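For reference, the structure is listed below as structure tokens.
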Amino acid sequence: MLDSTNASRRQALKFLASVPMLPLGTSAATSLLALGTAPAAAAPAGFVSATFSSMAAPSLADPAAMATTTVGSELTVTLADGGTQSFKLAYQPFFITGDMVPNGKGGQILAGGYYDIHNEPIIDTSVPGKERQFFSDSPDGTSLLAPIAGAKVDGVKGETVFAVVQFEYMSRDQKGDDTYGRMPSPIAVLTLDQDPGTGKLSLVKYHNVDTAQAHGLWITCGASLSPWNTHLSSEEYEPDAFSASSNKQFLAYSKNLFGDEKAANPYHYGHLPEVKVSADGTGTLTKHYCIGRISHELVQVMPDQRTLLMGDDATNGGLFMFVADKEADLSAGTLYVAKLGGKLSTDAAAPADTITWVKLGHATSAEIEKLADTLKPTDIMEIAKEDPKDPSYTRIAMGGSFHWVKLKPGMEKAAAFLETHRYAALMGGSMVFTKMEGTTVNTKEKVAYSAISSIRDSMVKGGKGWYETSGVALNKPLEAGGILAHTVSGGQKDSGGEAIASEWVPFETRFVLTGEDITPDALGNTANPDKIGNPDNIKFSERLRTLFIGEDSGMHVNNFLWAYNVDTKQLSRIMSVPAGAESTGLHAVDELNGWTYVMSNFQHPGDWEKIHAKVKDTLDPLVRANYKDRFGAAVGYLTADATSIKLDKA
């Protein structure tokens, strides 16, 4: 006959037999762990901290591991009574793009499929006899939403939860021709069935969001969840309005979206779209035109629900801030660009550099959309790409080179919000960053983080696009990139002496984590594989005290997802994505109905570059077999593998 403690342990083990989650919720891990250490009536020990072990990078000793998502790390939870429990991690996809998934109406829909402005499928006719709907190989920004009141979707047996996922681009058509930026980006609401006993998430419904009211979407990259439970999307690499009429990429985009090469207006793109999800698993889209027209990446809304910090994925990009007039409402506010003090160093031990803020203007989304509808670029400013020898023009850095610009009278507001890069440079902002990617925030310590994927060119003295008054003057490049930490506070004034109405304004910055450039190793890596390389997506978990970092690297043969504990400074590799793929869609969810999740996608597996010369022949057939001949990519999340769970204390 079993005693009651052993019976409780066995019940718990049976209960956890197929648990695919990160079981850190107060109703999950702590209560279940207590079963193995105390009588059932005892109060569970409280969660204290978590650490991630670091897995080895995959190698050609196991080619299959290099050709798929590989997770060899563990999560160790420490409780208030000193007890610990380790969980082996695993990856759980919802789907691979190109799969047929349920549409919630009794039928199916193509995951990642492309649609025109009339919501009709866009067909790949590049190979006669193999016509099919285009679908993306590049899922990116993903948000797992908090519960929505009254949520009800047929097919859900447990808790109804929603996620939003966007698809940045498609790499190629079936013939093999480049299709980057030539398709309108889809965005979808996923209805997920959350098992209340295990935390497992299962796809029940896929809803393609109508983008017509926002003129379609352009290259949607990173994304974040707003404090008011909406999905904040992005439009990256805004089309240059001065050259759009001859830009073959933009003309093809217009043709695919509208059926007419000339129909798309470049001023409608490069903005911040927002998706609101309804209780039935559908979504509506609003594009905000007053946030700045830049190369948007994932943004971070601060706890005040008004201050938005954002990077700018460009050469000669800036660090931008938007302060909304009202909480939880991005339809009106004031735009700023940062000015650095000139002392930034890639040495993490160096003193922080100063940040001041240049006000660019105040606007509503409605008035800027109206300007976008009616103005041509030459109505706003004149530009020259060679020195016109005219003192009325100002020399500015733009895209790794220099332009000379002259603002038209009365066009300050139009320039600030439609020609943001050029106007921010005119106003003296530090338009000097290279590939500034995701942003996130540690609210407890009031520190925001920005990823610089590659530190080069305009950030380095004498580099492409560098200029003496930029506010950044590094002595040499660091191609592997790094993470900036910005200290934030209130009581700040802009460069004109006007108070900034926010308590979440960065005032100093420094690098806290960097990669390391190396000569090519035996596998082909040109950045140290045991350090970050070209960081892109970043998200901070308040509860885990962990900064998650996803790579978009041309320097690591496999890109990795990292966990960096900001207290212990421990950097742990927790997942490897398929060779040639980029780690995307990162979202850390501290608590959702008692469970904790780390959302993670990847895109374009087998996108072979020079760095893959030593592995391509071996890995290419494996990647093709795993991911639809390299046309598919995964949307999913990190889970816990119950096979390693032990409920007894050591």
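Residues whose amide H comes within less than 5 Å of that of V441, counting only those at least five positions distant or on another chain, are Y449, F540 (H built at 1.01 Å from N in the peptide plane). With protein chains left intact and a 1.4 Å probe, residues in segment 332-371 average 40 Å² of accessible area per residue. Each Cα pair under 8 Å and six or more residues apart adds its sequence gap; the mean of these over the residue count of the chain is a relative contact order of 16 percent.
Per-residue packing, averaged as other Cβ atoms within 10 Å, sorts the ranges 553-559, 445-451, 490-496 into the order 553-559, 445-451, 490-496, beginning with the highest. In terms of overall dimensions, segment 540-615 has a Cα radius of gyration and Dmax of 14.1, 46 angstrom. Here's the picture: a label point sits 7 Å out from the Cα of Q213 along the beta-carbon direction, and within segment 353-379 the residues with their amide nitrogen under 14 Å of it are 366. Here K476 is the anchor, and the lysines within straight C-alpha reach of less than 24 Å, apart from those fewer than 8 places off in the same chain, are K339, K343, K435, K461, K464, K531, K610. Note on segment 48-123: percent of Cα-Cα distances in each 10 Å bin, starting at 0 and stopping at the bin with the largest distance, equals 15, 25, 20, 23, 15, 3. Peptides 291-304, 368-381, 185-198 ranked from most to least packed by the mean count of surrounding Cβ atoms within 10 Å: 291-304, 185-198, 368-381. Once the chain from A80 to K569 is taken as fully extended at 0.36 nm per residue, the excess over their C-alpha distance is 173.9 nm. Of the heavy-atom accessible surface of the chain (probe 1.4 angstrom), what whole percent is carbon and sulfur? Here carbon and sulfur together make up 50 percent of the probe-accessible area. Helices in the chain, meaning DSSP H runs of at least 4 residues, each add -39500 (n - 2.57). Divided by all residues, the mean residue ellipticity at 222 nm is -3000 deg cm²/dmol. Can you tell me the relative contact order of segment 263-310? Whole percent, Cα pairs under 8 Å, sequence separation 6 or more. RCO, segment 263-310: 30 percent.
Rolling a 1.4 Å probe over the protein heavy atoms gives segment 101-183 an accessible area of 44 Å² per residue.
Checked against a 25 Å cut-off, the cross-linked pairs K444/K493; K205/K262; K88/K205; K255/K413 give Cα-Cα distances beyond that limit for K205/K262; K88/K205; K255/K413. For segment 251-280, trypsin sites (Lys or Arg not before Pro) are listed when DSSP marks them as loop and at most 11 other Cβ atoms sit within 10 Å of their Cβ; the list is K262.
Assuming a ≥ b ≥ c are the square roots of the Cα gyration tensor eigenvalues, decide whether segment 234-352 counts as rounded (a/c under 1.5), prolate (otherwise, with a/b larger than b/c) or oblate. Oblate, because a/c is 1.5 or more while a/b does not exceed b/c.
Mind giving me the FRET efficiency for Q174 and A522? R0 is 30 Å, r the Cβ-Cβ distance, nearest 0.05 is fine. Once the sixth-power term is evaluated, E becomes 0.25. One chain, two ends: T374 and T618. Fully extended at 0.36 nm per residue, the span grows by 82.4 nm beyond their Cα-Cα distance. For a straight C-alpha distance cut-off of 13 angstrom, the aspartates and glutamates reachable from K376 (same-chain residues fewer than eight places away being disregarded) are D240, E419.
The values are calculated or read from the model by the stated rules, or taken from the named source; none is laboratory data. Since the model is a prediction, treat every value here as computed from it, not as a measurement. Because the Cβ atoms are built from the backbone with ideal geometry, glycine has one as well, and the counts that use them run over all protein chains shown. Protein only, heavy atoms only, side chains kept; ligands, DNA and RNA dropped before computing areas. Shrake-Rupley method; radii C 1.70, N 1.55, O 1.52, S 1.80 Å.
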